[in-house]
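Report on the following structure.
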Amino acid sequence: MSKVKIQGHASGTGVLTVTAPNTSTDRTITLPDTTGTLLDENSSVPAANLTGTVADARFPATLPAVSAANLTNVPKDTTVGGRKNILKNGGFDVWQRGTSFSHTSGKNFICDRWWVNPSSVGGTQTRQSASLDGFNYALRIQRTSGQSGTGLVYLNTEMESADSMQFRGKKVTLSFYARKGANFSQSSSQLTSNLATGTGTDQTLQTGFTGGANVISQNNTLTTSWQKFTHTTSSVLASTVNQIAVQFTHSPAGTAGAADYYEITGVQLEVGSTATDFEHRSFGEELALCQRYYQKSNNNSVFACFSNGANQVQFSPPLNCSLRASPTISWSGSGNSTVVDHDSTHDTGDNNVPVVSNYTSFASNIHMYINNWSSALTDMRIQNLYIGGKAIVMESEL
């Protein structure tokens, strides 16, 4: 028969009392067949030693609030039910206009949704391999070697008012990755990042925002290695904000060396006070977002058309998506147009540079009128219009 032994402590002087409850029912306490220490209400139990389930009654009807400061190993903030990056083409993946430019002054779009004004500084704006985990491309803003222009070089992207008003009354955080070339000549290797707001409607920084203000303006010191920079507005955006733009500026100095440039990628603007990981959208989705502002046809395109009078044809090139507003129409490339009858014979007046005389914008297409045929076309004839070596450019930027 096992025995129960109660053993005192050699150093203690207190008296331990085992008190029976006020009961008339026999009770049996079974001790575990193991060595250990009995627990009291203040003892802790390692989670690894817990098994089974806990009855619902053990939890209060309303759980206490949990402070995020007391949590560890929790993923960064995530956005539920929507896109978090307010900007379009922040990863510089979409380049419908080309991948290399040499603009020197004025407002000039380069990669989609981004434009530069180099202020008479001779240089290039090019797509580069990012060599940064998670990113395919970066934008390089470079002053040409030997150039001595020292004007303020602007890089900008603007949001239309329809996308800006929803951020009133909220703090926003700007983040981006940047690095410099070995000869980046800006004083102290600084790149200035600004977040501008305005109270006007669909305006551009080139002419200025009505009620414009910089709610973020920070100097960022670049090195030759990629760094992530983050900045948050000091207060919520005003209730009158109707437009938002991101701007980067620098002023080169002296005479440019061979690597007088900076590179940038992963530009993100999001609601909140924390910069989260860059939001990658699929290329198809990013392209569609950009095509709201800029679309162009293929070179060497054929369209169904009909002649309207002696020297004009009408046709309707399709749109990939609805444009932001009625676009500006132009031609890209060099080439001529030819009108071909249904029986494959050339109508009179072919191989001339097409001239847009008028157009009407619809949700799914642009109805265009073009002319410049030197001799008479056959009126009201259904034909094929071949545009060789040219693309139709439809631009609806801010």
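The values are calculated or read from the model by the stated rules, or taken from the named source; none is laboratory data. The structure presented is a predicted model; accordingly, all values stated were derived computationally and were not measured. Virtual Cβ from ideal backbone geometry, glycine too; neighbours counted across all protein chains shown.
Descriptive notes on the structure:
- Residue within segment 271-290 that is surrounded by 15 or more Cβ atoms within 10 Å (Cβ to Cβ), at pLDDT 95 or above, part of a strand (DSSP E or B) and not assigned by TED's automatic domain parsing to the domain that holds residue 388 present: yes
- Counting the residues of segment 176-190 that are part of a strand (DSSP E or B) and more than 20 Å from residue 127 (Cα to Cα) gives 1.
- Among the residues here, residue 268 qualifies as under 15 Å from the mean Cα position of the chain (by Cα), among the polar types (S, T, N, Q) and either part of a strand (DSSP E or B) or at positive phi (or both).
- Just one residue in the set 116, 153, 172 is touching a Pro at 6+ places or on another chain (Cβ under 6 Å) and among the aliphatic types (A, V, I, L, M); that residue is 153.
- Of the criteria (1) modelled with pLDDT under 95; (2) surrounded by 16 or more Cβ atoms within 10 Å (Cβ to Cβ), which one residue 178 fails: (1)
- Residue 80, sole failed condition from (1) among the aliphatic types (A, V, I, L, M); (2) modelled with pLDDT of 70 or more; (3) assigned to a loop (DSSP other than H, G, I, E, B): (2)
- Selection from segment 229-249 of residues that are surrounded by 14 or more Cβ atoms within 10 Å (Cβ to Cβ) and in a loop (DSSP other than H, G, I, E, B): 233, 236, 237, 238, 241, 242
- Hits in segment 271-288 - residues which are at negative phi and either of a type outside the set (A, V, I, L, M, F, W, C) or touching a helix residue (DSSP H, G or I) at 6+ places or on another chain (Cβ under 6 Å) (or both): 273, 274, 276, 277, 279, 280, 281, 282, 284, 285, 286
- Qualifying residue in segment 172-192 (condition: among the basic types (Lys, Arg) and either without any contact (Cβ under 8 Å) to a residue 60 or more places away in the chain or farther than 22 Å from residue 262 by Cα (or both)): no
- Residue in segment 300-311 that is of a type in the set (A, V, I, L, M), part of a loop (DSSP other than H, G, I, E, B) and either at pLDDT below 85 or under 30 Å from residue 398 (Cβ atoms) (or both) present: yes
- Residue among 248, 209 that is in the same structural domain as residue 151 (by TED's automatic domain parsing) and within 18 Å of residue 166 (Cβ to Cβ): 209
- Among the numbered conditions (1) farther than 30 Å from residue 159 by Cα; (2) part of a loop (DSSP other than H, G, I, E, B), the only one that residue 325 does not meet is (1).
- Of all residues in segment 148-172, those being hydroxyl-bearing (Ser, Thr, Tyr) and farther than 15 Å from residue 248 by Cα number 4.
- Only one of the numbered conditions (1) surrounded by 15 or more Cβ atoms within 10 Å (Cβ to Cβ); (2) in a loop (DSSP other than H, G, I, E, B) is not met by residue 193, and that is (2).
- The set of residues from segment 141-159 being surrounded by fewer than 20 Cβ atoms within 10 Å (Cβ to Cβ) and in contact with an Asp or Glu (Cβ under 6 Å, 6 or more places away or on another chain) is empty.
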